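Here is the structure we will look at.
The values are calculated or read from the model by the stated rules, or taken from the named source; none is laboratory data. Since the structure is predicted, the reported quantities are computational estimates derived from the model, not experimental observations. Quick reminder, even Gly has a Cβ in these numbers, built from the backbone with ideal geometry, and neighbours come from all protein chains shown. The area values use the complete protein model at the heavy-atom level, side chains included, leaving out ligands, DNA and RNA. Shrake-Rupley method; radii C 1.70, N 1.55, O 1.52, S 1.80 Å.
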Amino acid sequence: MLLSVLSLLLACKDKAEPTEPVDSAEPDTAAPTVCDDGVAIRPFADAEESEALYAVAADFTVETTEGTWTLSEAWTGCGPILLLQDTPRQATGWPTPLWERDHDDFFATLPSNTTVLFMSTDSSSSDRDEILADMQVLVEEELADAFSEAEQEAWKAQIHYVTDRASEIEGWVGPVMISPGWGIGIDRFQRIRYVGSYADPTRYLSSEGWFEPNLGMAANEAVFYNFEAAREEELEALDADILPVLEQEYCAGNAYVDVELPDAETMAGYDSMTIDLYMGCVGEGEYGDCPAWDYMAYLYVCDMPDADNADADTTCQPAVAEVLGSCAADGKIDDKAATCREAKDCEDKSKTAWTCEGYEESIAADTLPGTCTDPLGDAADAVQTCRADGSGYDDLACACDTEIGRWITTYHREGRWVYDNSAMLPYLARGGTRTFRFNTTGPYELDMDFHLSSQGKDARPDEIEYLFSGGTLNVDYNANHPDVTLDIPADAVKVELATVISQHGADGNNCGEFCDVSHHFMMNGDEANEIVRSFPEASSAYDCMEKVAVGTVPNQYGTWWYGRAGWCPGKDVETVVFDITDQVTPGEENAFSYKALYQGADYTGSATMRLRSWVVISR
């Protein structure tokens, strides 16, 4: 059953999606309702004490060098809050203390709507005072160097130096400063978040086998909180119908779910689809609970059997495994006898009479032919196989390889991604019950919704034709991608090329992941209007970090900062769409060609190209 946007937030998705706060004061009709960045002001919400990640932050009070600071009184509803200690667990034990440098990086990245509370973990009150005083001097020196007088005053009003010991702050803050002890963010939905890794890609320390910390990395958290707030506004503005696909689904490999789509007539009323995916970790934290590596993650829509399984209880011959025999010398088998399938497997140069005793051939399972229907309504042959106990046949083994979504998981952090994938609507157009498969290395706990809406487009994606896949990128890659010809319907209003590309693997050139391979698509031999996708950002030190503002999960516990060819750890792999209406001829056969070049030529190494491409017809 479809839900409205306002009922989007299910209890199992509290981690991933913000809840609407309850205003604890009478509304002031004269007060502004929108922040300077255009995002709605969120009033402070009264909340019960909780130390949990994503819990609504309960009110707390601390003493600062300028007096008492209370969350509810300081809350503007318009900006992130960072609580940063001098010795967070993930940034201790390095030659240079965290607070001694990088104030320039910190303020160069920190959004101007951020409030910062610096605090020390030192047990001595006098030592804390000295540590905070030193930090204030360094901060104000940087402010004087980088900002106008008015900007400096604004920053000073938003930066506070907490004199309480971090671990002894009353309420939920002190315990979270102890465990996990990473530092705290309070996002614009008033939720408790953790500060991630401080590692700087330019500071590799060989003696430690990792990268020294940079204070500036903490600012990425605030950048991301602003992005999330704006994203939520955009999502709500879609006025979409929400179709739950995955709800707290455990996944470590494949997760299959049956989803009841709206009927075909209703689906025909939608011109847009947004996929909203949350990948949570099994446990209450991030580092130590979340999987360690940047894995591929895919969403597939499956072919469906044409009929129910009428042979579920039909007895049949199950598969029987081969049983190897034992070599017998003159009819005798000893403990060291070799295995065999026939006597000649046992023969040696002696005159011993060898036989193979006890061998049994394998028996194949009985199968029945059947027919599945793919997401576009075309028939595909399939089989159903006798179950292992012979009591009946399994359901028809329909294919499930039609990809409609792709992501790269994070290093040791949770993530949520929302992106437009309207080009894939034709795969869902038939409506009704569909089986979906989510595939990734895990474990993860997944929530996913489709946001289906009509945005008043001139035409809606109505038909899709598959073009080219990737494969092994080597000297034969282009030869293995001959031209494809397709009939473009005469009534097509808009024709688009949709592409999903992520390059992986490494050889002597470290290519695939970290080199710029250009992808060239040409329609009807029109070289002058060739469409090229390339990745000059691949191998840059900070490209993926610079994309925090558009959705890369920040401060992951791995080499997340580096630019990659078509992807970033902790981000969706977007479907990039090009309008090719003027490059094709409706009502006729059209030729499509593709090639991939490295430095203008065929690639001579070996890497993995994960490419999918389609022609999308809108009417």
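Looking at 250, 256, which is the one that is assigned to a strand (DSSP E or B), closer than 18 Å to residue 414 by Cα and either among the aromatic types (Phe, Trp, Tyr) or free of Cβ contacts under 8 Å to residues at least 60 places away in the same chain (or both)? Explain how you work it out, then say what you get.
Working: 256 fails: closer than 18 Å to residue 414 by Cα.
Every option except 250 fails the conditions.
Just to check your reading of the model, which residue among 416, 430, 387 is farther than 25 Å from residue 311 by Cβ, more than 21 Å from the chain's Cα centre (by Cα) and modelled with pLDDT of 95 or more? Can you show your working first?
Numbers: 416 fails: more than 21 Å from the chain's Cα centre (by Cα); 387 fails: farther than 25 Å from residue 311 by Cβ.
The unique qualifying residue is 430.
For every residue, the table says whether it meets (1) within 34 Å of the chain's Cα centre (by Cα); (2) in contact (Cβ under 8 Å) with a residue 24 or more places away in the chain; (3) surrounded by fewer than 16 Cβ atoms within 10 Å (Cβ to Cβ).
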{"residue": "55", "(1), (2), (3)": "yes, yes, no"}
{"residue": "58", "(1), (2), (3)": "yes, yes, no"}
{"residue": "63", "(1), (2), (3)": "no, yes, yes"}
{"residue": "81", "(1), (2), (3)": "yes, yes, no"}
{"residue": "96", "(1), (2), (3)": "yes, yes, yes"}
{"residue": "108", "(1), (2), (3)": "yes, yes, yes"}
{"residue": "115", "(1), (2), (3)": "yes, yes, no"}
{"residue": "118", "(1), (2), (3)": "yes, yes, no"}
{"residue": "124", "(1), (2), (3)": "no, no, yes"}
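Mind telling me which of the residues 537, 589 ends up being acidic (Asp, Glu), farther than 18 Å from residue 413 by Cα and under 28 Å from the mean Cα position of the chain (by Cα)? Explain how you work it out, then say what you get.
Details: 589 fails: under 28 Å from the mean Cα position of the chain (by Cα).
Answer to the selection: 537.
Output the residues belonging to region 22-35 that are at pLDDT 95 or above and assigned to a loop (DSSP other than H, G, I, E, B). First the steps, then the outcome.
Narrowing region 22-35 to residues at pLDDT 95 or above: 34-35.
Result: 35, single match.
When you scan region 146-158, do you find a residue that is in contact with an Asp or Glu (Cβ under 8 Å, 6 or more places away or on another chain), within 24 Å of residue 60 (Cα to Cα) and modelled with pLDDT of 95 or more, even just one?
Scanning region 146-158 turns up at least one residue that is in contact with an Asp or Glu (Cβ under 8 Å, 6 or more places away or on another chain), within 24 Å of residue 60 (Cα to Cα) and modelled with pLDDT of 95 or more.
Looking at region 424-451, which of its residues are open to solvent by less than 10 Å² (accessible area, probe 1.4 Å) and hydrophobic (A, V, I, L, M, F, W, C)?
Once the filter is applied, which keeps residues that are open to solvent by less than 10 Å² (accessible area, probe 1.4 Å) and hydrophobic (A, V, I, L, M, F, W, C), region 424-451 yields 424, 425, 428, 436, 438, 446, 448, 450.
Just one of 33, 87, 92 is open to solvent by 40 Å² or more (accessible area, probe 1.4 Å) and more than 32 Å from the chain's Cα centre (by Cα); which is it?
None of the other options fit; the residue is 33.
State yes or no: is residue 75 at pLDDT 95 or above, out of contact with any helix residue (DSSP H, G or I) (no Cβ under 9 Å at 6 or more places or on another chain) and farther than 26 Å from residue 152 by Cα? Full working, then the answer.
Values: at pLDDT 95 or above: yes; out of contact with any helix residue (DSSP H, G or I) (no Cβ under 9 Å at 6 or more places or on another chain): yes; farther than 26 Å from residue 152 by Cα: no.
Criteria not met by residue 75.
So which pairs qualify, if the first residue must be in region 139-164 and in contact (Cβ under 8 Å) with a residue 12 or more places away in the chain, the second must be open to solvent by 50 Å² or more (accessible area, probe 1.4 Å) and assigned to a helix (DSSP H, G or I), the Cβ gap must be under 6 Å, and the two must be at least 6 apart or on different chains?
Filtered contacts from region 139-164: 142/104; 161/136.
Among all residue pairs at least 6 apart or on different chains, which show Cβ distances below 9 Å where the first residue, located in region 595-609, is part of a strand (DSSP E or B) and the second is of a type in the set (Asp, Glu)?
If the second residue must be of a type in the set (Asp, Glu), the pairs left are 595/602; 596/602; 598/516; 607/507; 607/513; 608/513.
Being more than 17 Å from residue 603 (Cα to Cα) and without any contact (Cβ under 8 Å) to a residue 40 or more places away in the chain is the filter here; which residues of region 488-536 pass it?
Of everything in region 488-536, those that are more than 17 Å from residue 603 (Cα to Cα) and without any contact (Cβ under 8 Å) to a residue 40 or more places away in the chain turn out to be 527, 528, 530.
I need the full set of residues from region 489-530 which are open to solvent by less than 30 Å² (accessible area, probe 1.4 Å), touching a His at 6+ places or on another chain (Cβ under 8 Å) and in a loop (DSSP other than H, G, I, E, B), in order please.
Correct list: 512 only.
Quickly run through region 468-488 and pick out the residues that are farther than 30 Å from residue 415 by Cβ and either aliphatic (A, V, I, L, M) or outside any loop (DSSP other than H, G, I, E, B) (or both).
Restricting attention to region 468-488, the residues satisfying the condition of being farther than 30 Å from residue 415 by Cβ are 474-488.
Within region 468-488, 475, 479, 484, 485, 486, 487, 488 qualify.
Which of the following residues is closer than 30 Å to residue 434 by Cα and touching a Cys at 6+ places or on another chain (Cβ under 6 Å): 337, 380, 310, 343? First the steps, then the outcome.
On the way: 337 fails: closer than 30 Å to residue 434 by Cα; 310 fails: touching a Cys at 6+ places or on another chain (Cβ under 6 Å); 343 fails: closer than 30 Å to residue 434 by Cα.
Exactly one residue qualifies, and that residue is 380.
How many residues are open to solvent by 50 Å² or more (accessible area, probe 1.4 Å) and not hydrophobic (A, V, I, L, M, F, W, C) if we restrict to region 568-584? Write out each step before concluding.
Initially, region 568-584 is screened for residues open to solvent by 50 Å² or more (accessible area, probe 1.4 Å), giving 574, 577-579, 582.
From what's left, not hydrophobic (A, V, I, L, M, F, W, C): 574, 579, 582.
Residues meeting the conditions: 3.
Counting only residues that are acidic (Asp, Glu) and assigned to a helix (DSSP H, G or I), which one in region 531-567 is least open to solvent (accessible area, probe 1.4 Å)?
So the first thing to find is which residues in region 531-567 are acidic (Asp, Glu), and the list is 537, 543, 546.
Subset that is assigned to a helix (DSSP H, G or I): 543, 546.
On the way: 543: 19, 546: 131 Å².
Result: 543.
Can you tell me which residues in region 452-461 are small (Gly, Ala, Ser) and either in contact with a strand residue (DSSP E or B) (Cβ under 8 Å, 6 or more places away or on another chain) or buried (at least 22 other Cβ atoms within 10 Å of the Cβ) (or both)? Write out each step before concluding.
First, pick out the residues of region 452-461 that are small (Gly, Ala, Ser): 453-454, 456, 459.
Once the filter is applied, which keeps residues that are small (Gly, Ala, Ser) and either in contact with a strand residue (DSSP E or B) (Cβ under 8 Å, 6 or more places away or on another chain) or buried (at least 22 other Cβ atoms within 10 Å of the Cβ) (or both), region 452-461 yields 453, 454, 459.
Given the residues 223, 195, which is the only one that is modelled with pLDDT of 95 or more, among the β-branched types (Val, Ile, Thr), in contact with a helix residue (DSSP H, G or I) (Cβ under 7 Å, 6 or more places away or on another chain) and open to solvent by less than 10 Å² (accessible area, probe 1.4 Å)?
Working: 223 fails: open to solvent by less than 10 Å² (accessible area, probe 1.4 Å).
One residue alone meets the criteria, 195.
Sort out for me the strands (runs of 3 or more DSSP E) sitting completely within region 367-414 that have 2 or more residues that are open to solvent by less than 50 Å² (accessible area, probe 1.4 Å) and within 30 Å of residue 294 (Cα to Cα). Lay out the reasoning, then the answer.
Numbers: elements: 367-373, 379-385, 402-408.
Result: 402-408.
Return the only residue of 285, 269 being of a type in the set (Gly, Ala, Ser), in a loop (DSSP other than H, G, I, E, B) and at pLDDT below 95. Quick ask: steps written out before the conclusion?
Working: 269 fails: at pLDDT below 95.
Sole residue among the options that is of a type in the set (Gly, Ala, Ser), in a loop (DSSP other than H, G, I, E, B) and at pLDDT below 95: 285.
Within region 585-619, track down each residue that is among the aliphatic types (A, V, I, L, M), touching a strand residue (DSSP E or B) at 6+ places or on another chain (Cβ under 7 Å) and open to solvent by 10 Å² or more (accessible area, probe 1.4 Å). Can you show your working first?
Taking region 585-619 as the starting set, the residues that turn out to be among the aliphatic types (A, V, I, L, M) are 591, 596-597, 601, 607, 609, 611, 615-617.
The next check asks that each one be touching a strand residue (DSSP E or B) at 6+ places or on another chain (Cβ under 7 Å); those that pass are 591, 596-597, 607, 609, 611, 615-617.
Of everything in region 585-619, those that are among the aliphatic types (A, V, I, L, M), touching a strand residue (DSSP E or B) at 6+ places or on another chain (Cβ under 7 Å) and open to solvent by 10 Å² or more (accessible area, probe 1.4 Å) turn out to be 591, 597.
Restricting to region 469-487, give me the number of residues that are free of Cβ contacts under 8 Å to residues at least 12 places away in the same chain and in contact with a strand residue (DSSP E or B) (Cβ under 9 Å, 6 or more places away or on another chain).
2
Scan the strands (runs of 3 or more DSSP E) fully inside region 296-364 and keep the ones with 2 or more residues being open to solvent by less than 50 Å² (accessible area, probe 1.4 Å).
Details: elements: 296-301, 325-329, 354-357.
Of the strands (runs of 3 or more DSSP E) lying wholly inside region 296-364, those with at least 2 residues that are open to solvent by less than 50 Å² (accessible area, probe 1.4 Å) span 296-301, 325-329.
Taking region 261-295 only, how many residues are farther than 21 Å from residue 404 by Cβ and open to solvent by less than 20 Å² (accessible area, probe 1.4 Å)?
Adding up the residues that qualify gives 6.
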